[in-house]
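The values are calculated or read from the model by the stated rules, or taken from the named source; none is laboratory data. Since the structure is predicted, the reported quantities are computational estimates derived from the model, not experimental observations. All Cβ positions, glycine included, derive from the backbone under ideal geometry; neighbour counts span all protein chains shown. Accessible surface is based on the protein model in full, side chains and every heavy atom, while ligands, DNA and RNA are left aside. Shrake-Rupley method; radii C 1.70, N 1.55, O 1.52, S 1.80 Å.
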Amino acid sequence: MPSLRCLRLMLPPLLVACSASNDTSSSVSDASTGGTIVISSPAEPDNLMPPVTTALSGRQVEDLIYEHLANIGASQNTVGDKDFTPSLARSWSWAPDSLSISFRLDSAARWHDGKPVRARDVQFSVALYLNPASGSATTTLLSNIDSASVRDSLTAVVWFKARRPEQFFDIAYQVYILPSHLLVSTDPSKLAASPLAMAPIGSGPFRFVRWDAKQTIELAADSTGGRRRAQLDRVVYTMAPDPNTAFTRVAAGEADVFEAVRPDKLAEVSANPQLRLYLLPSLDYSYLGFNLVDSKTNRPHRIFGDVRVRRALTMATDRRSIVANIYDSLAIVSRGPFTAAQASSDPTLLPVAYSVDSANAILDAAGWVRGVDSLRSRNGVPFAFSIAVPTTSVARMRAVVLLQEQFRRIGANATIDQSDMGGFFQRLKSRNFDAIMGAFHADPSPGSVRDAWSSASAAKDGNNFGAYRSPAFDAQVDSGTAALAPDVMRKHFAAAWRIIANDAPSIWLAEPRQAVVINSRFVTTGMRPDAWWAALAQWRVPADKRITRDAPVVAGSAR
C-alpha cells in the first residue's frame, strides 16, 4: 500500500443530504458557508458533560460545543505556550514567578443561550474539575493547579502550586470552560445526571440541537455574539450498531466521515474516487488489561494478583501476529502505555519476547499444574478467567479470539464476555471483570499516562480500572512531568516504562494509525494526531457540491 498521507478514492453517486434548507438557527450565512457533514460512528457518548465524559465519541461532540482557553498546535508541543493559539482567551500573560497566568477572554464570546462568557465561568470550571466530588478522571491530571480567581469580568487568573513545564497545557488542554450560571446549583457528584449532560450549552462553534438515543446527535453552526461563524451549517453524528455498518453508511453515500477504516476495507475505499483516505499519526493504543484486585473482596485477584502469571501470559502472546492479522500495515506493536507520537516514547524499549516455553516454565514454577484436559489449576483454583470486550469494536473482538487461542497453549481457559459499549463501560466503572480488551486515547502530554495507570487513578472513579499501583512508577512519571529539560524528562519516563513493563499489569498490543475516510466533496484542514476533528469548524463544502434536503438526518432514513 502506498505510504501516502491522503489517498484519493471514489464512490457511487451520493444519496446523503448536505445542506439544511430548513435551518432555523440564528446564524448568519453567506455564499461561503453552508452544508451538513454527517459523521458515522459505531459508539454513542455516555454523556456530554466534559468533566465526567468517558467515551471518546463524547469528547468529539464536546470539542465542537465547548471551548478551551487556548488550542494546542499541530506540533503537539506541551511545554510552555509558544505553540498554542487563542480560543476563548484572546491573550494571556505570565506572572514574573510563573506561578499564575492571566487570561483575557474574548469579549464577544457568548453561551449558546445568549449569556456572555465571563471570568467567573473560568473560576467555576477550574473549581469543578478540581472538586473530588465531581468524580472527574481529569482531576488527577490537574494536581498542579491550585485555583482560579477573577481579576475583572473578562480576566481570569489561574494559580499553580509549582513551576512546571506543562502548566499552560494543563489548564488550556484539560479544562473545558463551562457555563457557571447553568451549573452552579448542580451537585458536583451528579454531573452525569444533570440536564446539560444530555443537552449541553457551550460557547463553541456549534450549538446542540438534539440527541435521539442510539440514532442521531445533531449540531448547528452558532454565531451568538460577533465571533466567526463555522463554515458548515450542521454536523450530524449517526450512531451505527457496529463498525461495519458505520463504514457501510459512508460507502453507500449515507454519511461523509468514518474514522476507523479497517485494512480489509482499503481496497473498497481506494476504488472509489469520491472518497479520500487520510492516514494520520495516532495517540491510541489497545491492550489486554488485568484486574489486579477482586472487586468483591478487595483482595488480590485469585489469578492476576500474581505478577508471575501476568508475565507468563505476556510471554505467551504473539503480538506481532495479532497486530498483522487484525491491522495489516495500519498498526505497529505497542511497547507500553504510550505512543510513538508522544515525546515520552522510548524506541529502545522492546516488547517482551514471545516464548511459549518460557511462559510454561514460569507457570510450572508458580504451582499451576496441568490436568488431563491440559488446562491448569493451582490448589483447586482453575486457571480460568473471562475477558470483557465491547461488541462495537471489530478489532478488539478479533483480538480477544486470537488471545483466547494463544492462552490455551499454556493451559489457560479464557472465555469471552461480550457486551455493547454501554455495558462494557459499566463493567469497567464497577471493576466487575477479570480482564478487559481495552483501548486508550492518550492526550499529547507524556503525563497523560497517569490518567490510566497511576496509583491515584486506581481510585473508584479513576480510569485505572485494573487497580495497578506502583509508587516507583508514580515517582518516575511525576519526575518526568516536572523536568524542564527534554532529555531529563525522557530519562525518567524510560525508567517508568521499564517498571510498568516488569510489573505487567497489561499486555500492550497495538498502536493503530488513524485511518479516516472523508467524502471528497469536503475541503478539510487542521487534522491533529490527538483529534482529527479539531478544526472541523473550518471545514467547508463548495456550494456546487452541496446536496440539499428537506428533513433532518435520522439514522436509516431515506435521504
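Condition (residue is farther than 30 Å from P243 by Cβ and either touching a residue at least 24 places away in the same chain (Cβ under 8 Å) or more than 36 Å from the chain's Cα centre (by Cα) (or both)) applied to segment 384-393: is it met by at least one residue?
The answer is no; no qualifying residue exists.
Return the total of residues in segment 384-405 being open to solvent by less than 60 Å² (accessible area, probe 1.4 Å) and touching a helix residue (DSSP H, G or I) at 6+ places or on another chain (Cβ under 8 Å).
12
Looking only at segment 407-427, filter to residues that are in contact (Cβ under 8 Å) with a residue 60 or more places away in the chain and more than 14 Å from S374 (Cβ to Cβ); which one of those is surrounded by the fewest Cβ atoms within 10 Å (Cβ to Cβ)?
Among residues in segment 407-427 that are in contact (Cβ under 8 Å) with a residue 60 or more places away in the chain and more than 14 Å from S374 (Cβ to Cβ), the one surrounded by the fewest Cβ atoms within 10 Å (Cβ to Cβ) is G422.
Just wondering, is there one or more residues in segment 319-330 that are open to solvent by 30 Å² or more (accessible area, probe 1.4 Å) and on the phi > 0 side of the Ramachandran plot?
yes
Just need a number here: residues in segment 236-295 that are among the aliphatic types (A, V, I, L, M), open to solvent by 10 Å² or more (accessible area, probe 1.4 Å) and over 22 Å from T392 (Cα atoms).
Number of matching residues: 4.
Take the residues of segment 29-54 that are assigned to a loop (DSSP other than H, G, I, E, B), in contact with a helix residue (DSSP H, G or I) (Cβ under 9 Å, 6 or more places away or on another chain) and of a type in the set (S, T, N, Q): which is surrounded by the most Cβ atoms within 10 Å (Cβ to Cβ)?
Residue satisfying both the conditions and the ranking: T53.
Looking only at residues in segment 141-158 that are open to solvent by 40 Å² or more (accessible area, probe 1.4 Å) and within 23 Å of V477 (Cβ to Cβ), which one is farthest from the chain's Cα centre (by Cα)?
Across segment 141-158, the extreme among qualifying residues is D146.
Would you tally the residues in segment 134-153 being in contact with a Phe, Trp or Tyr (Cβ under 9 Å, 6 or more places away or on another chain), part of a loop (DSSP other than H, G, I, E, B) and farther than 18 Å from P50 by Cβ?
The total comes to 1.
Can you find a residue in segment 501-517 that is crowded, with 23+ Cβ neighbours inside 10 Å, out of contact with any His (no Cβ under 9 Å at 6 or more places or on another chain) and farther than 24 Å from R310 by Cα?
Yes, segment 501-517 contains a residue that is crowded, with 23+ Cβ neighbours inside 10 Å, out of contact with any His (no Cβ under 9 Å at 6 or more places or on another chain) and farther than 24 Å from R310 by Cα.
Taking interchain pairs and intrachain pairs at least six residues apart, which have beta carbon atoms under 9 angstrom, with the first residue in segment 85-110 and over 14 Å from V126 (Cβ atoms) and aliphatic (A, V, I, L, M) and the second open to solvent by 60 Å² or more (accessible area, probe 1.4 Å) and not in a strand (DSSP E or B)?
Every condition considered, the pairs that remain are L99/K161; L99/R163; A108/G226.
If you scan segment 348-374, which residues turn out to be small (G, A, S) and more than 9 Å from M315 (Cβ to Cβ)?
A361, A365, A366, G367, G371, S374, listed by residue number.
Given the structure, is L232 crowded, with 20+ Cβ neighbours inside 10 Å, under 30 Å from A70 (Cβ atoms) and touching a Gly at 6+ places or on another chain (Cβ under 7 Å)?
The answer is yes for L232.
Can you pull out the residues in segment 439-489 that are under 23 Å from P512 (Cα atoms) and of a type in the set (F, W, Y)?
F440, W453, F465
Out of all the residues in segment 434-457, is one or more under 23 Å from the mean Cα position of the chain (by Cα), surrounded by fewer than 23 Cβ atoms within 10 Å (Cβ to Cβ), of a type in the set (A, V, I, L, M) and farther than 25 Å from G73 by Cα?
Within segment 434-457, one or more residues are under 23 Å from the mean Cα position of the chain (by Cα), surrounded by fewer than 23 Cβ atoms within 10 Å (Cβ to Cβ), of a type in the set (A, V, I, L, M) and farther than 25 Å from G73 by Cα.
Going by the conditions given, is D113 in a loop (DSSP other than H, G, I, E, B) and either crowded, with 21+ Cβ neighbours inside 10 Å or modelled with pLDDT under 95 (or both)?
So D113 fails the test.
Out of G438, G422, G411, report the one residue that is assigned to a helix (DSSP H, G or I) and of a type in the set (G, A, S).
G422
So, in segment 302-318, how many residues would count as being open to solvent by 20 Å² or more (accessible area, probe 1.4 Å) and either of a type in the set (K, R) or in contact (Cβ under 8 Å) with a residue 24 or more places away in the chain (or both)?
Residues in segment 302-318 being open to solvent by 20 Å² or more (accessible area, probe 1.4 Å) and either of a type in the set (K, R) or in contact (Cβ under 8 Å) with a residue 24 or more places away in the chain (or both): 7 in total.
Could you pull out the residue among L182, L178 that is under 27 Å from T224 (Cα atoms) and crowded, with 20+ Cβ neighbours inside 10 Å?
L178
For segment 55-76, which residues satisfy the criterion of being touching a residue at least 60 places away in the same chain (Cβ under 8 Å), more than 14 Å from A197 (Cβ to Cβ) and part of a loop (DSSP other than H, G, I, E, B)?
Matches in segment 55-76: H68, L69, I72, A74, Q76.
Looking at R118 and the list (1) within 26 Å of the chain's Cα centre (by Cα); (2) buried (at least 21 other Cβ atoms within 10 Å of the Cβ); (3) of a type outside the set (G, A, S), which single condition is not satisfied?
R118 satisfies all of (1) within 26 Å of the chain's Cα centre (by Cα); (2) buried (at least 21 other Cβ atoms within 10 Å of the Cβ); (3) of a type outside the set (G, A, S) except (1).
Just one of R104, R120, R163 is of a type in the set (D, E, K, R) and part of a loop (DSSP other than H, G, I, E, B); which is it?
Step by step, each of R104, R120, R163 is checked, and only R163 is of a type in the set (D, E, K, R) and part of a loop (DSSP other than H, G, I, E, B).
Among the residues of segment 78-90, is there at least one that is farther than 13 Å from I177 by Cβ and touching a Lys or Arg at 6+ places or on another chain (Cβ under 7 Å)?
Yes, the conditions are met somewhere in segment 78-90.
Take the residues of segment 331-382 that are within 24 Å of the chain's Cα centre (by Cα) and without any contact (Cβ under 8 Å) to a residue 40 or more places away in the chain: which is least open to solvent (accessible area, probe 1.4 Å)?
Ranking the qualifying residues of segment 331-382, first place goes to S345.
Using the structure shown, decide if K296 is basic (K, R) and in contact (Cβ under 8 Å) with a residue 12 or more places away in the chain.
Considered against the rule, which asks whether it is basic (K, R) and in contact (Cβ under 8 Å) with a residue 12 or more places away in the chain, K296 comes out as no.
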